[in-house]
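Structure, as C-alpha cells:
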Amino acid sequence: MAKSNAFTVAKLKSLPAGKHCDGQGLWFHKRADGGAQWVFRFQLWGRQREMGLGSFKNVSLAEARRKADWARQQVQADTDPVKQRRLTRQQSSGHDGRLEQLSWAAFEKHKGNLKHSGGDGRWISPLRLHLLPKLGKMPIVKIDQDDIAHALAPIWYEKPVTAKKAMSRLRTVFRYARAKGFLVNRAVIEEAVIILGENRKLAKPSLALPWSDVPAFYASLSDDDPTQLALRLLILTGVRADSVNNMQRGQIRGPIWEIPPLHVKGRVDSAHGFDVPLSREALHVIELANAHERNGYLFPNAKGGPLNKMAMRNYLVENDIPARPHGFRTSLRTWLSDQSECPFEIAEACIGHVRKGDAAIDAYNRTTYIMKRAPYMNAWAAFVTGISEQSVNVALTGSVVRPSCQNNKRT
C-alpha cells in the first residue's frame, strides 16, 4: 500500500506524466502538457469508483488531502461521496429544489428552442395551471408517482392533450433538475402514467365546415374588416392561423407568400419556412388588406401588432359558425380528396404537412411541390368564389402557369 502523504509541493512539480498515489486513495494525474488533476479512488458497494477533486492549478496539495479525507469519511459511513457532494452543493447554492422554482429555471433554459422564445406562455401553461398549484412547493426529489397522478387526475380523461403536454413538460423539468445535481427519480413520471391508466380518449378534431358549405360562408365575409379578410385568406391558402395573424407585407414575393420559420409549426430549430402559391383571389384579398396595414402587419390589431390569435375564432363563435379557423384546413384537404385527383403527397403539401418517412430519403427529397400545388390551390379558390382562375391551368393536368401579379383583379 502506498504510504500516506507521499508528496510535497516541490515533488509534485517534478513528477513525470502519469498517475501517482499520495496515499489513502488520493491520486495525482499528471498530463504530458503539465496540467494535472486530483482524483480520489474508492470502493463502495462492490464497485471501484473515482471522484474528481479539481485541478492542480485550482486545488492545492493540502486542500486535495482535506477533500480526500472528507470523501473517505463518507465511504466509511456507507455513503456515496459523489452524491453527497452534489447535495451539499445544492444546499449551499440557495436553490431549495422546489418544483416551481425548477420549472421556471428549466423554462428559461429551454425557451431559446421555442417560438417567440416562449413568450406566448404555451410551453409553461400546462405546468402552471395543472401541476404547480398542487406540487409547486414540494422539493422535486420528494415528488413521487402518486403525487403526479393525483395532480393530473382531473384532466387525464377530460383534457387528454393538455395532460400529455403537462407530462412532457414535467419530463423536461426532471431532466433539468437531474443535470443540476438533484437526485430525482425520473421513472416516477412513467409510473404515474401507469397509475392514471391508458388514455384512449381521442382529442376532438377542430370543428370544420363541410367543403360544400365553404363558398356560402366565404361570400358572407366583409371586404373591409381585418378579421374577416384574415379568414378569407386563411380559407384560400389552407395555412395555420398563426401564419395569417402575423402576415407582413414583406413576406409577399410576387405570387408567392414566403412564411418565415417562426410562424411555421415546429420547434424553432427544426421548422423551415413555407412558401404558399397565391391564387388571383388570394392576391385580391391581400390588396384589400393593404389598406389596413400597420407596422408591416396586413391584419393588425388595434395597437398595430399582429391580429389577436383569438380574433378569427371569436368571430366564428359570435356568428354561430360551426367551425374553427384550423378546421378550414380540413375543408380544403377533404375537397382535394373528394373533388380532384390530387396525389396524396401534394395534397398534404397543400396544407403544409411535412412528410415523415425514411430519414435518408427525406434528407435529399426536400421539395415542397410548390409548382404542383399551384393549380390545385387556384382550383380551390375558383370553387370557393365561383370565379374562374384564368391565370393558371385549372384542369389539374400538372401544367402550371404562375399567377400574374399585374392581373389579379377578380372577373
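Residue 62 - would you say it is in the same structural domain as residue 130 (by TED's automatic domain parsing), among the small types (Gly, Ala, Ser) and either surrounded by fewer than 16 Cβ atoms within 10 Å (Cβ to Cβ) or closer than 30 Å to residue 174 by Cβ (or both)?
For residue 62, the condition - in the same structural domain as residue 130 (by TED's automatic domain parsing), among the small types (Gly, Ala, Ser) and either surrounded by fewer than 16 Cβ atoms within 10 Å (Cβ to Cβ) or closer than 30 Å to residue 174 by Cβ (or both) - is not met.
Do we have residue 152 as buried (at least 22 other Cβ atoms within 10 Å of the Cβ) and within 18 Å of residue 195 (Cα to Cα) here?
In short, yes.
Do we find that residue 230 is outside the structural domain of residue 276 (by TED's automatic domain parsing), surrounded by 15 or more Cβ atoms within 10 Å (Cβ to Cβ) and in a helix (DSSP H, G or I) in this structure?
No, not satisfied.
If you check residue 28 against the conditions, is it of a type outside the set (Asp, Glu) and touching a Cys at 6+ places or on another chain (Cβ under 8 Å)?
Numbers: of a type outside the set (Asp, Glu): yes; touching a Cys at 6+ places or on another chain (Cβ under 8 Å): yes.
Criteria met by residue 28.
Could you go through region 159-179 and let me know if any residue there is small (Gly, Ala, Ser), over 15 Å from residue 122 (Cα atoms) and either part of a helix (DSSP H, G or I) or assigned by TED's automatic domain parsing to the domain that holds residue 113 (or both).
Within region 159-179 (the criterion being small (Gly, Ala, Ser), over 15 Å from residue 122 (Cα atoms) and either part of a helix (DSSP H, G or I) or assigned by TED's automatic domain parsing to the domain that holds residue 113 (or both)), the answer is yes, since at least one residue qualifies.
Residue-wise test of (1) among the polar types (S, T, N, Q); (2) at pLDDT below 95; (3) touching a strand residue (DSSP E or B) at 6+ places or on another chain (Cβ under 9 Å).
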| position | (1), (2), (3) |
| --- | --- |
| 218 | no, no, no |
| 254 | no, yes, no |
| 259 | no, yes, yes |
| 270 | yes, yes, no |
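Identify, by number, the condition in (1) free of Cβ contacts under 8 Å to residues at least 24 places away in the same chain; (2) buried (at least 18 other Cβ atoms within 10 Å of the Cβ) that residue 305 doesn't meet.
Exception for residue 305: condition (2).
Given the options 298, 288, name the one that is surrounded by 20 or more Cβ atoms within 10 Å (Cβ to Cβ) and either under 17 Å from residue 221 (Cβ atoms) or free of Cβ contacts under 8 Å to residues at least 60 places away in the same chain (or both).
Working: 288 fails: surrounded by 20 or more Cβ atoms within 10 Å (Cβ to Cβ).
Just a single option satisfies the conditions, and that option is 298.
Select, from 352, 398, 327, 357, the only residue that is at pLDDT below 70, out of contact with any helix residue (DSSP H, G or I) (no Cβ under 6 Å at 6 or more places or on another chain) and in the same structural domain as residue 234 (by TED's automatic domain parsing).
357
Criterion first (without any contact (Cβ under 8 Å) to a residue 24 or more places away in the chain and either of a type in the set (Val, Ile, Thr) or closer than 19 Å to residue 212 by Cβ (or both)) does residue 337 satisfy it?
Yes; evaluated as a whole, the condition is true for this residue.
Per-residue answers, yes or no, for (1) under 22 Å from residue 8 (Cβ atoms); (2) at pLDDT 95 or above; (3) not basic (Lys, Arg):
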residue: 34; (1), (2), (3): yes, no, yes
residue: 39; (1), (2), (3): yes, yes, yes
residue: 46; (1), (2), (3): no, no, yes
residue: 65; (1), (2), (3): yes, yes, no
residue: 69; (1), (2), (3): yes, yes, yes
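Yes/no per residue for (1) farther than 30 Å from residue 198 by Cβ; (2) surrounded by 13 or more Cβ atoms within 10 Å (Cβ to Cβ); (3) at pLDDT 85 or above; (4) not hydrophobic (A, V, I, L, M, F, W, C):
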residue	(1), (2), (3), (4)
89	yes, no, no, yes
93	yes, no, no, yes
99	no, yes, yes, no
103	no, yes, yes, yes
114	no, yes, no, no
127	no, yes, yes, no
138	no, yes, yes, no
157	no, yes, yes, yes
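Answer yes if at least one residue in region 62-74 is more than 16 Å from residue 27 (Cα to Cα) and part of a helix (DSSP H, G or I), and no otherwise.
Yes: region 62-74 contains one or more residues that are more than 16 Å from residue 27 (Cα to Cα) and part of a helix (DSSP H, G or I).
Keeping to region 1-59, report how many residues are aromatic (Phe, Trp, Tyr) and assigned to a strand (DSSP E or B).
5
Just to be sure, is residue 208 buried (at least 18 other Cβ atoms within 10 Å of the Cβ) and not basic (Lys, Arg)? Give the steps one after another, and end with the answer.
Values: buried (at least 18 other Cβ atoms within 10 Å of the Cβ): yes; not basic (Lys, Arg): yes.
Yes; evaluated as a whole, the condition is true for this residue.
The values are calculated or read from the model by the stated rules, or taken from the named source; none is laboratory data. These numbers come from a predicted model, not from an experiment. Reconstructed Cβ throughout: ideal geometry from the backbone, glycine too, with neighbour counts over all protein chains shown.
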